[in-house]
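Throughout, read-outs are computed from the coordinates displayed, never taken from laboratory work. Please read these numbers as outputs of a predicted model, since none were measured by experiment. Heads up, the Cβs are rebuilt from the backbone with ideal geometry, glycines too, and the neighbour counts pull from every protein chain shown.
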Amino acid sequence: MTRGDYAVLGLCALALPALFVRYGLPGSSGTQARITVGNSIYAQVPLSRAQVYRVPGVLGISEIEVRAGQIRFTHSPCQGQQCVRSGWAKRGGEFIACVPNRVSVSVLGQGAGGDYYDSINF
Amino acid sequence: MRGVNPKPAAHVVLLTTRTDHRIAWLAALAITIHIMESALPSPLPGVKPGLANVVTIVVLCRYGWATAAWVNGLRVLAGSLLLGTFLSPTFVLSLSGAFCALLVLGPAAWVARWAPRWAPGPIGLSVLAAWAHMVGQFWVAYALFVPHEGLFHLLPILLTVSLVFGVASGAVADVVIKRLEAASV
Amino acid sequence: MRCDALAFVCIALFGLCACSPGNDTLYKESGYAMGALVEFTVYGVDAARAKAAVASAQSDLKFMHGNFDPWHPGSLARMNSLFALGGRFTAATSVLPLIAKSTELSRRSGGLFNPAIGNLIRLWGFQTDDPPPAGPPPTPAHIAAVLAQQPRMSDLQVTGVEIESHNPAVILDFGGIAQGYAADVLIEGFKLAGIHNAIVNISGDVRVLGSHGAQPWRIGIRNPRGAGVLASLQMNRDESVVTSGDYERFYIYDGKRYHHILDPRTGLPTQGAASATVIDAEATFADAAATALMVAGIKDWYAVAKAMGVKSAMLVDAAGRVYMDPATAKRIHFEIDPPPQVVLSESL
């Protein structure tokens, strides 16, 4: 081993952790969702843990369920119930909104893989 | 004009030098290893031990960058022709990997000449080549074949594996070079 | 000098790594602006510049909303009340381009896209967003009375900046075109601000510019029947995709569903199509055309699309069957399993 060898190995040893931080591990997409009320973020929740969130909007409480890496509205105080009808969202970039209650959820793609959808046309 | 082969004028005469012969022999060796390695099962897609890398490093250390470039280029070309992958994605990836490895080994060999105290030995050169090979392949794979950014999640793992294989084949190259030096003394 | 050489090796190696595209220059901002869900995505410029451009777009949107809203005091509401009085008056200049566009598109659609039917929309109660309308639906006699007034875009006569309506029943409601128009205006603003990669999504009307780095933008199209995303579409040109759907606003009375897209011929909610999607360079055109195709329905969509000059369209019926032209079928990637039944038309 020469001094040059140590230099090369040292640089690789420095670069690898940086790369892991930058790009993460494979398969880590769509693991979090962001719940927004109005124009501000209410919570950012992991999709790995099953849980029901009760989120206060302008009309009342929206009930949002997380189960098996997916998220959906289970109950809404709005009349149209379009949010509940929208069903589960799971891929990065997917989102469901309850416009009357001003509550929305969006699935966040992680790392450089980013969102599967850049925007949703509806 | 050492390699001139006196033949009747009716024949086409190929003027070959000793360097040409050496390149041909070494390339034949590298191609053999390349083909043998392609028969090995791959633990992860895109991951190979890179045993042909040993030949490249040995050639680089003993005969210089130009010879190494020839041997490596011939290996990729002839190897793909023999395996039937010529001009296929495998070939393009292999070629871009080899090209990047040589691109990085050039300045590294140059360091060995002008700053011997900082010159990387076979292990350092092998790791540099392995990483450059992987990054080059990866970049071409992303640009041409799988333009999905999810691919980048794989990069750290692939580079970790190629670091390990780079050190291993560098160590093998080191042993081979020492034996060759002992034999030629 | 020795260190320089080593540094060169490092730069050569890490330069290759650094060339890889990241998504660190992606700027996203979403929220509610004037009752609509709005989302801005900007790629390829630094965050401060993206933020400034989006802030300016937000204020443009606020301005347009104030001008184009027929049901709250503002430019359009004032014009609507002056139409009823008759006579010539000076139009609000910010509304004139939208009137010109609407008049032309209404003509090309054979009146299926008709923004002059504000009276009908008000009769059904769809002029309010919040709270949503409640039944019962208007009686046939009421509907017939409103239809008999026959308000049309061609009733308007524009001379310079002056405007006059030959029909006092004209009430403009640009619900079928204003969001697309706003998306176009905001994208033009982005271009002027030196932004070459962006998405503007106003209540689901999407206009894209450029691409997401090395890969095109991927837009999901909502499933009008059932949950989630029906199909995705890759877009890397200056292009837009707009969908009109019966699921966007509706009410249920006595077990029957009444949605907000009204057929100007019958005065009733449109029948047959659950959603109509149009892809076009211009979101203004796509928005109006999607509305017209909803009205045309499954039976007549192809003829209307052809007459309007629509180049790419997709309709979904109540049973989830998909109708589209071959060029659209080539670009659409279904995200549901199993994929829906597809009925291909002639090419547009």
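Residues whose amide H comes within less than 5 Å of that of C:Asp263, counting only those at least five positions distant or on another chain, are C:Leu268, C:Thr270 (H built at 1.01 Å from N in the peptide plane). Taking one quarter of the surface of the C-alpha convex hull of chain C gives a mean projected area of 21.6 nm². Computed over chain B with a Gaussian network model linking Cα atoms closer than 10 Å, the most mobile of B:Ala28, B:Ala39, B:Ala173 is B:Ala39. Kirkwood radius, the range C:170-294, all distinct C-alpha pairs, inverse of mean reciprocal distance: 15.4 Å. By the helix-only formula, in which each DSSP H run with n ≥ 4 contributes -39500 (n - 2.57) and the sum is divided by residues, the protein assembly as shown has a 222 nm mean residue ellipticity of -14000 deg cm²/dmol. Cα-based values for the range C:28-130, radius of gyration first and Dmax second, are 17.0, 52 Å. Relative contact order, whole percent, for chain B stands at 23, derived from Cα pairs under 8 Å and 6 or more residues apart.
With viscosity set to 0.692 mPa s and temperature to 37 °C, compute the Stokes-Einstein D of the protein assembly as shown, Rh being the Kirkwood radius across alpha carbon pairs; µm²/s, no decimals. Numbers along the way, then the final one.
On the way: Rh = 28.9 Å.
This corresponds to a translational diffusion coefficient of 114 µm²/s.
Over chain A, Cα pairs under 8 Å with separation of 6+ residues give a relative contact order of 24 percent. Charge tally for C:Lys191 (other residues, Cβ to Cβ under 12 Å; Lys, Arg +1; Asp, Glu -1): -2. Counting pairwise Cα distances across chain B, what percent come out greater than 27 angstrom? Summing the P(r) of chain B above 27 Å gives 32 percent of all pairs.
Considering only A:Val52, A:Val105, A:Val21, the mean-square fluctuation computed in a Gaussian network model of chain A, springs between alpha carbons under 10 angstrom, is largest for A:Val21.
Placing R0 at 25 angstrom, the Cβ-Cβ distance between C:Asp60 and C:Thr25 gives a FRET efficiency of 0.60 after rounding to 0.05. Take the Cα of C:Ala52, go 7 Å toward its beta carbon, and the backbone nitrogen atoms of the range C:176-220 under 15 Å from that spot belong to C:190-196. Working note: Karplus 6.51/-1.76/1.60 with θ = phi - 60° gives the range C:184-199 the couplings 4, 4, 5, 5, 4, x, 4, 4, 5, 7, x, 9, 10, 9, 7, 10 Hz, where Gly and Pro are set to x.
Applied to the range C:144-149, the Karplus parametrisation 6.51 cos²θ - 1.76 cosθ + 1.60 on θ = phi - 60° returns per-residue 3J(HN,Hα) values of 4, 5, 5, 4, 4, 6 Hz, with x for Gly and Pro.
Please compute, for peptide B:109-119, the average count of beta-carbon atoms on other protein chains lying within 10 Å of each residue's beta-carbon. Mind showing how you got there, number by number?
Values: counts 0, 3, 8, 3, 1, 4, 8, 4, 4, 9, 8.
Counting other chains' Cβ atoms within 10 Å and averaging over B:109-119 gives 5.
Applying 1/(1 + (r/R0)^6) with R0 = 41 Å to the Cβ-Cβ distance of B:Val175 and B:Val12, what FRET efficiency is obtained, to the nearest 0.05? Please list the in-between numbers first.
Values: r = 42 Å, r/R0 = 1.03.
The computed FRET efficiency comes out at 0.45.
What the Kirkwood sum gives for the range C:223-326 is a hydrodynamic radius of 14.0 Å, with every pair of different alpha carbons counted.
Amide H to amide H distances under 5 Å link C:Gly213 with no residue, where only residues 5 or more positions off or on other chains count and H is placed in the peptide plane. Backbone geometry of the range B:71-79 corresponds, through the Karplus equation with coefficients 6.51, -1.76 and 1.60 at θ = phi - 60°, to 3J(HN,Hα) couplings of 4, 5, x, 5, 4, 5, 5, 5, x Hz, x marking Gly and Pro. A cut-off of 5 Å between modelled amide H atoms, ignoring neighbours fewer than 5 places along the same chain, links C:Ala274 with C:Val316, C:Asp317, C:Ala318. Would you kindly work out the equivalent ellipsoid of the range C:127-240 from its C-alpha gyration tensor and give its semi-axes, the square roots of five times the eigenvalues, largest first in whole Å? Semi-axis lengths for the range C:127-240 are 36, 24, 11 Å.
Compute the angle between helix B:18-39 and the longest alpha-carbon principal axis of chain B, please, reported from 0 to 90 degrees and rounded to the nearest 10. It is inclined by approximately 30 degrees.
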